[in-house]
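This report refers to the structure that appears directly beneath it.
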Amino acid sequence: MRAIFFVLLLANLLLFLLQWVTLGEGEAEAGAGKAGAELEGVPSLSLLPKLPESGEPRESSAPAPEREPEASLASDPSGSADLGENPLCTLVGPYADRPSAETAVQRLQALDLDAQVRDLEVPDGEGYWVYLEPELSHRAALRRLHELQAKQVDSYIIPRGDLENGISFGMFSRKALAEARRDEMSDQGYEARIREIERTHREIWVSLPPGDARKLGEGLWEDLLEQAPELERRQNFCPGVASE
């Protein structure tokens, strides 16, 4: 009886061990299947590229943005001022002396006009200059002048210009008079010459810039010119010559 009991006990232990082992293998397979199902669709891991060390530029896979073309700068001739057109100033004169012109300027400036006194070189027709060629030095010119004055010849030393240290025998308004003077000096042994030049004389005028003359009005202009009938009102380029 005791032997039968031990046999049955051993059989039960073996049966228990067999069931336990079978149950453990099934749970392990189920767990593996579940883990595989959970990992399905998950991307695999990959190594990242090595980060650049400090100070090295990082490359970017994104394309660089395209730069818009820079607008070219060009001069606009239509937008610039026409420098070929000279403005016209209004001129009043000529005045007999500077104090008279300055008085007129003060009256115009009291009317908020930018008036100024101007000395203008006015052409005075052609002139004919009778002269001797320049000497080598000022001392030589003085000797020549003393020689001429000893002969009662009206003359003087030319002080400047391309004829400096030459001797002048006068300026003449008519060519015939200049030729007569030249021939007279030639008879005395001097090779006088004639140079045709443009003569000018200085006049005193009052100048108004462009646009200021219209501010005065025709009525005030008439009153101003009636008080000084010798004055004229003209327009000329700024700056310019008072008369042709």
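List pairs: first in region 226-244 and closer than 17 Å to residue 213 by Cα, second among the aromatic types (Phe, Trp, Tyr) and at pLDDT 80 or above, Cβ under 9 Å, 6+ apart or cross-chain?
Correct list of pairs: 231/95; 234/205; 242/205.
Working only within region 85-111, note down all residues that are under 31 Å from the mean Cα position of the chain (by Cα), surrounded by fewer than 16 Cβ atoms within 10 Å (Cβ to Cβ) and in contact (Cβ under 8 Å) with a residue 40 or more places away in the chain.
Within region 85-111, 86, 87 meet the criteria.
Could you check region 180-199 and list, in sequence order, the residues that are of a type in the set (Asp, Glu) and either surrounded by 15 or more Cβ atoms within 10 Å (Cβ to Cβ) or under 12 Å from residue 168 (Cβ atoms) (or both)?
none
Just for region 112-125: of the residues that are charged (D, E, K, R) and within 37 Å of the chain's Cα centre (by Cα), which one is modelled with the lowest pLDDT?
Checked region 112-125; the qualifying residue modelled with the lowest pLDDT is 121.
Count, please, the residues in region 123-169 that happen to be open to solvent by less than 70 Å² (accessible area, probe 1.4 Å), under 21 Å from residue 187 (Cβ atoms) and touching a strand residue (DSSP E or B) at 6+ places or on another chain (Cβ under 6 Å).
Of the residues in region 123-169, 11 are open to solvent by less than 70 Å² (accessible area, probe 1.4 Å), under 21 Å from residue 187 (Cβ atoms) and touching a strand residue (DSSP E or B) at 6+ places or on another chain (Cβ under 6 Å).
Please go through region 170-179 and give me each residue that is within 9 Å of residue 130 (Cα to Cα) and open to solvent by less than 70 Å² (accessible area, probe 1.4 Å), ordered by number.
We begin by selecting, within region 170-179, every residue within 9 Å of residue 130 (Cα to Cα); these are 170-172, 178-179.
Listed by number, the residues that qualify are 170, 172, 178, 179.
Only residues that are assigned to a helix (DSSP H, G or I) and within 49 Å of the chain's Cα centre (by Cα): list them for region 126-174, please.
So in region 126-174, the residues assigned to a helix (DSSP H, G or I) come out as 138-150.
Residue satisfying the conditions is 138 alone.
The values are calculated or read from the model by the stated rules, or taken from the named source; none is laboratory data. These numbers were taken from a predicted model, which means no experiment stands behind them. Glycine also receives a Cβ, built like all others from the backbone with ideal geometry; neighbour counts cover every protein chain displayed. Each accessible area value is taken on the protein alone, full model and side chains, heavy atoms only, with ligands, DNA and RNA left out. Shrake-Rupley method; radii C 1.70, N 1.55, O 1.52, S 1.80 Å.
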